[in-house]
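J.: Below you will find the structure I want to go over with you.
The values are calculated or read from the model by the stated rules, or taken from the named source; none is laboratory data. It should be emphasised that the depicted structure is a prediction, and the values quoted were computed from it without experimental measurement. Here the Cβ positions follow ideal geometry from the backbone for every residue, glycine too, while neighbour counts run over all protein chains shown.
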Amino acid sequence: MDKFIAWWHSSAEELNWDWMEHIALMLGAAALAWLVWKVVFRQLLAVSKKTRTHWDTIVLHSISTPISVFIWLWPTSFSIGSLLELTAKVGSDWMNASRRMLVMALVLWVVLRLVNAVEEYLLQSDSRDQTTVSAIGHVMRLSLAVIGVLTLLQEFGISLTGLLTFGGVGGLIVGLAAKDLLSNFFGGLMIYFDRPFSVGDWISSPDRNIEGTVERIGMRMTMIRTFESRPLYVPNSVFSSIVVQNPSRMQHRRIRETIGIRYKDADKMAVIVDEVKTMLQNHPDIEQNATLMVNFDAFAGSSLEFFIYTFTKTVNWARYHEVKQDVMLKIIEIVQRNGADFAFPTRTIAFDRDDAVEAAIPIQPELASVPDKN
C-alpha cells in the first residue's frame with residue numbers, strides 16, 4: 001500500500017492535469033451526440049412506421065442500441081488511453097488494437113441483431129417455410145461466430161495459416177471421436193435443405209415406431225409430439241436411413257369402401273350404383289378432378305358387393321371423417337329408397353326331396369340283427 005501511495009504521488013507531480021479537461025470535453029461531446037442520435041432515431045422510426053414495408057423498421061431497431069454503445073465507448077476509449085499514457089506510461093498500440101476490435105464487435109453485433117430480427121419477422125408469416133428460415137438463421141449465426149473468433153485471434157497475433165493447418169489434423173481427430181454428433185449435425189442440415197417435413201407437419205415412418213407432429217427441428221435432434229401428447233426426441237441421423245411419410249402434404253384423402261346388398265336385391269344393383277355415383281359427382285366436398293369410381297365388384301358369400309373409390313377435397317383428419325360420414329349416410333338412404341337392404345352373414349340349408357324320402361325309410365329288422373364284425 002505504501003508503494004502504491006508513493007507511486008501515485010510521484011506520478012501526480014509529473015502529470016499535467018489538463019487531461020481532465022480533455023476527458024470532460026470528450027464525455028460531454030459523447031453525451032451530446034447520444035442525445036442527437038436519440039432525437040434522430042425517433043424521427044426516423046416515426047417515418048419508417050408510415051411506409052408500406054417493414055424492413056426499414058427492422059434495420060433501425062437493429063442498429064439503435066449498437067450505435068448508442070459506440071457513441072459512449074469510442075470517446076471513452078480515447079479517455080482511458082490518454083490516462084494510461086500519462087500515468088502508467090503505456091503505449092497506444094494496444095489501445096488502437098482495442099478500438100479496432102471494438103468496431104468489429106459492434107459490426108458483428110449489428111449483423112447478429114439484424115439476422116435475429118429478420119428471422120423473427122419471417123417466422124410470423126405463414127406463407128414462408130419455417131424450417132428453411134430457422135436453418136438459414138442458424139447458419140448465419142454460426143458463420144458470424146466463426147468470423148468473430150478468427151478476427152479476435154488475428155488481432156492477438158495468432159497466425160490463421162498455422163491455425164487452419166492444425167485444424168485439419170484436429171478436425172480429423174474430433175471427427176472420429178464425435179462421429180455420432182457430426183452425423184446428427186449433417187442430418188439436420190439435410191432436413192433443412194431437402195425439407196422432407198417442416199415444423200407442424202404430421203409425419204410417420206413404417207420402418208420405426210415414429211408418428212406424430214413435428215414441433216422443433218434442432219441441429220442435433222428433432223422433437224415430435226406423438227398423438228398421446230408424449231414428446232419423442234429423434235436424432236437427425238435416423239432420418240437419413242428410414243422411410244418417412246408426410247401425410248400433411250397430401251393433396252386429398254381417399255375414401256375406399258365396399259358395400260354389400262342382399263342377393264334378392266340383385267335387380268336393384270344397377271340403379272343403386274348409378275345413384276351413388278351421381279351423388280358423389282354432385283357432392284361439394286368430393287374432389288371431381290381425382291379418380292371417382294363406383295362399380296359392382298363381387299359375388300360374396302352372403303352379399304352382392306359394390307365399391308366406392310373417391311377422394312375428398314380436405315386433408316384435415318377431423319373434417320375428412322365428417323365428409324366420409326355424410327357420404328356413408330347418403331348411401332344408406334339410396335339403398336333403402338330403392339327397396340333394397342344391406343346384407344349380413346347368413347346360411348341357407350336346402351334338402352333334396354328324394355334324399356328326404358330316403359332318410360324317412362325305416363331300417364329292416366333282419367339288417368338290424370346283423371352283428372357288427374368290428
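J.: ARG100 passes all but one of (1) part of a loop (DSSP other than H, G, I, E, B); (2) at pLDDT 65 or above; which number fails?
T.: Here ARG100 meets the rest and fails (1).
J.: Which one of the conditions (1) under 30 Å from TRP202 (Cβ atoms); (2) surrounded by fewer than 13 Cβ atoms within 10 Å (Cβ to Cβ) does ARG337 fail to meet, given that it meets all the rest?
T.: Every condition holds for ARG337 apart from (1).
J.: Test ILE136 against the criterion of being hydrophobic (A, V, I, L, M, F, W, C), over 30 Å from TRP72 (Cα atoms), modelled with pLDDT of 70 or more and surrounded by 14 or more Cβ atoms within 10 Å (Cβ to Cβ), and give yes or no.
T.: Numbers: hydrophobic (A, V, I, L, M, F, W, C): yes; over 30 Å from TRP72 (Cα atoms): yes; modelled with pLDDT of 70 or more: yes; surrounded by 14 or more Cβ atoms within 10 Å (Cβ to Cβ): yes.
It is true that ILE136 is hydrophobic (A, V, I, L, M, F, W, C), over 30 Å from TRP72 (Cα atoms), modelled with pLDDT of 70 or more and surrounded by 14 or more Cβ atoms within 10 Å (Cβ to Cβ).
J.: Within region 33-55, how many residues turn out to be of a type outside the set (A, V, I, L, M, F, W, C) and surrounded by 15 or more Cβ atoms within 10 Å (Cβ to Cβ)? Steps first, answer last, please.
T.: Here is the first cut: in region 33-55, the ones of a type outside the set (A, V, I, L, M, F, W, C) are 38, 42-43, 48-54.
From the residues that got through so far, the ones that are surrounded by 15 or more Cβ atoms within 10 Å (Cβ to Cβ) too are 48.
The total comes to 1.
J.: Could you list, in sequence order, all residues of region 275-286 that are outside any helix (DSSP H, G or I) and surrounded by fewer than 17 Cβ atoms within 10 Å (Cβ to Cβ)? Can you show your working first?
T.: We begin by selecting, within region 275-286, every residue outside any helix (DSSP H, G or I); these are 282-286.
Scanning region 275-286 gives ASN282, PRO284, ASP285.
J.: In this structure, does PHE78 turn out to be closer than 23 Å to VAL118 by Cβ, modelled with pLDDT of 60 or more and either surrounded by 15 or more Cβ atoms within 10 Å (Cβ to Cβ) or touching a helix residue (DSSP H, G or I) at 6+ places or on another chain (Cβ under 7 Å) (or both)? If you could, list the steps in order and put the result at the bottom.
T.: On the way: closer than 23 Å to VAL118 by Cβ: no; modelled with pLDDT of 60 or more: yes; either surrounded by 15 or more Cβ atoms within 10 Å (Cβ to Cβ) or touching a helix residue (DSSP H, G or I) at 6+ places or on another chain (Cβ under 7 Å) (or both): yes.
Taking the combined requirement at face value, the residue does not satisfy it.
J.: Suppose the filter is in contact with a helix residue (DSSP H, G or I) (Cβ under 6 Å, 6 or more places away or on another chain), closer than 30 Å to ASP341 by Cα and at pLDDT 90 or above; does GLU287 pass it?
T.: Working: in contact with a helix residue (DSSP H, G or I) (Cβ under 6 Å, 6 or more places away or on another chain): no; closer than 30 Å to ASP341 by Cα: yes; at pLDDT 90 or above: yes.
Considered against the rule, which asks whether it is in contact with a helix residue (DSSP H, G or I) (Cβ under 6 Å, 6 or more places away or on another chain), closer than 30 Å to ASP341 by Cα and at pLDDT 90 or above, GLU287 comes out as no.
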